[in-house]
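The values are calculated or read from the model by the stated rules, or taken from the named source; none is laboratory data. Not measured: the values here are computed from a predicted model. Because the Cβ atoms are built from the backbone with ideal geometry, glycine has one as well, and the counts that use them run over all protein chains shown. Side chains are part of the model used for accessible areas, which takes the heavy atoms of the whole protein and leaves out ligands, DNA and RNA. Shrake-Rupley method; radii C 1.70, N 1.55, O 1.52, S 1.80 Å.
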Amino acid sequence: MKITPRPKRQNHTAHGLFSIVHVLGLCLTVSLFQMGSVHAQTASQGQGSLGIAAVVNDDVVSMLDLNSRISMVIESAELPNNAETRAKISHQVLRGLIDEKLQVQEARRENITISKSQIDMAETSIAANNKMSLEDLSVHLQSIGASIATLSMRVEAELAWSGYLQRRLARSILIGAGEIDDEIERIQANAGRPEYLLAEIYLPVESLEQEDKVLAIAERLLVQMRQGAPFSALAKNFSRSPSAALGGDMGWVQYTNLDTTLQQTVTKMKPGTASYPVRALGGYYILLLRDVRTSPGLGGGDALIKLSQYHIQAPKDSDDAALNALGAQLEAATRHLVGCAQLEAASKQSNSLMSGSLGTMKLSTLSDKMKDVLSPLKVGQPSTAVATGGGVAVMMICERTDETVDMEKVREEIREKLKKKRLDIAGERKLRDLRRDAFVDIRL
């Protein structure tokens with residue numbers, strides 16, 4: 001993975017454990033605050049295993065809990081397992097454990113408790129997805145300095161918080177028909193425009209004092225990427241966005257859905273590259289651009305099209321400038337044509353065997369370059385000139401049958417998407433309130 005340069009001032013290896021921890025969407029929600037210097041021995045495995053790392057209201061986070069979770073984070077994020085690394089991430093991991101305590105406590109206040117059988121079932125599923133028995137999973141965790149109890153704490157917190165969000169917050173989130181109509185209109189308006197397949201690492205800045213510390217953490221994550229740490233592993237362990245559970249995966253994102261600063265960043269990136277940390281929307285973002293496509297709108301991007309073209313053969317050894325000039329001439333000669341009958345009649349004067357009807361085909365079977373040219377066209381509208389077949393061509397869609405769209409299904413999918421987005425925001429807001437009101441005594 002390449003990393004874009006810093007802008008001007010503006011077996012059961014790590015992958016195995018990574019899968020173990022997150023296969024059910026169990027994200028190590030690691031806070032990136034209070035990154036103060038800690039003596040290397042503070043978070044080392046051999047020191048203070050029976051001590052107290054923090055008191056959260058009436059609950060205790062032990063040093064044993066902390067050291068075990070640090071071991072899991074180090075393996076899943078493919079970080080060096082040494083005293084220096086453990087010291088650097090100890091406060092971050094501890095904040096994640098504190099958040100888990102707060103989540104479980106709030107769930108219990110709503111009489112939501114997670115039984116041992118639920119935890120066992122989740123852990124058995126995690127082991128099975130990694131082609132391991134639960135006993136093998138326990139042995140592996142012990143081999144890296146962790147324990148099955150550490151995983152159980154994470155599982156309980158995730159299940160309890162999910163139950164709380166559904167019982168306490170989800171019921172109050174109502175998505176009206178008008179909101180769905182607006183979203184459909186926005187999707188259709190963006191059809192034919194660029195769409196980006198993105199992943200993110202989001203590090204919030206909750207006070208001015210954290211600005212430099214959070215940026216330093218983001219830069220350290222970039223260093224880990226350059227040294228080979230997978231983006232998804234770092235996102236799962238360090239990102240504070242709801243997408244962290246999916247390795248930072250945001251799916252296909254339309255240009256208009258991005259913050260202005262992120263728009264400027266992503267349009268300068270090439271697929272397969274990660275950005276330098278970008279300050280926007282309450283914190284720092286590291287973006288990974290996986291791919292770019294033309295937005296298909298609601299139709300899913302596929303259609304059955306009947307296609308014709310007007311092709312002109314270029315002189316042998318024509319360079320790009322010559323092809324561009326020939327293309328400009330062809331566009332000028334065809335821009336007044338309406339319908340394939342006119343295009344095919346005009347194309348006869350080119351004497352090119354490649355002129356005329358190209359038959360019927362699925363749009364999805366064409367190259368990305370051709371899809372970009374043809375997708376926005378209306379039936380009977382000439383395209384821009386395209387270099388092809390040793391010359392240039394203007395194409396035209398004669399007939400087009402778009403795939404059938406089940407609008408009832410589309411509306412329900414949009415409703416769920418909007419609801420999930422609001423629930424994620426409400427959950428983060430509630431967790432911030434819990435942090436603010438809690439009694440937390442950190443003893444590192």
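Data for the structure
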quantity: Proximal charge balance of SER243 [Cβ under 14 Å; K/R count +1, D/E count -1]; calculated: +2
quantity: Dipole-positive endmost among LEU137, ALA333, THR113 within the chain (Cβ charges, Cα centre); calculated: ALA333
quantity: Highest average packing first - 220-230, 82-92, 399-409, 138-148, Cβ atoms within 10 Å; calculated: 82-92, 138-148, 220-230, 399-409
quantity: Segment 223-299-segment 81-149 distance, computed between alpha-carbon centres (Å); calculated: 27
quantity: Peptides 313-322, 286-295, 364-373, 101-110 ordered by average Cβ neighbours within 10 Å, highest first; calculated: 286-295, 101-110, 364-373, 313-322
quantity: At R0 = 35 Å, FRET efficiency that the Cβ-Cβ distance of ILE173 and THR404 yields, to 0.05; calculated: 0.70
quantity: Share, in percent, of DSSP beta bridges within the chain that are antiparallel, nearest 5; calculated: 95
quantity: The chain, dipole about Cα centre (Lys/Arg Cβ +1, Asp/Glu Cβ -1), debye to the nearest 20; calculated: 620
quantity: Solvent-accessible heavy-atom area per residue, rounded to whole Å², over segment 250-323 at 1.4 Å; calculated: 46
quantity: Net dipole in debye of segment 278-381 [+1 Lys, Arg Cβ; -1 Asp, Glu Cβ; about Cα centre; nearest 20]; calculated: 320
quantity: The chain, accessible surface, carbon-and-sulfur percent (1.4 angstrom probe); calculated: 51
quantity: Cross-link partners of LYS316 among lysines (Cα-Cα below 28 Å; sequence separation of 8 or more within a chain); calculated: LYS348, LYS369, LYS371
quantity: Two-site FRET efficiency, ALA328 against LYS419, from Cβ-Cβ distance with R₀ of 45 Å, rounded to 0.05; calculated: 0.35
quantity: Prolate/oblate/rounded call for segment 56-160, Cα gyration tensor, a/c under 1.5 rounded; calculated: oblate
quantity: Residues with amide H under 5 Å from that of SER295, placed H, sequence gap 5 or more; calculated: GLY192, ARG193, GLU195
quantity: Most positive-pole-ward Cα, VAL205, VAL56, PRO230, against dipole of the chain from beta carbon charges; calculated: VAL205
quantity: Hypothetical label at ASP437: residues of segment 129-168 whose amide nitrogen lies under 16 Å (7 Å Cα-Cβ projection); calculated: 164-165, 168
quantity: Relative contact order of segment 121-215, defined on C-alpha pairs under 8 angstrom at six or more residues apart (%); calculated: 13
quantity: Residues in segment 279-320 that a label on LEU215 would reach, taking backbone N under 17 Å of a point 7 Å out along Cα→Cβ; calculated: 279-287
quantity: Rounded, prolate or oblate (a/c below 1.5 giving rounded, otherwise prolate when a/b exceeds b/c) for the chain by Cα gyration tensor; calculated: prolate
quantity: Candidate lysines for bridging to LYS417, where Cα separation is under 18 Å - those fewer than 8 sequence places away on the same chain excluded; calculated: LYS409
quantity: Only Lys, Arg (+1) and Asp, Glu (-1) charged, at Cβ; segment 100-185 dipole about Cα centre in debye; calculated: 580
quantity: Which of MET396, LEU298, LEU418, positive extreme of dipole for segment 275-422 (C-beta unit charges); calculated: LEU418
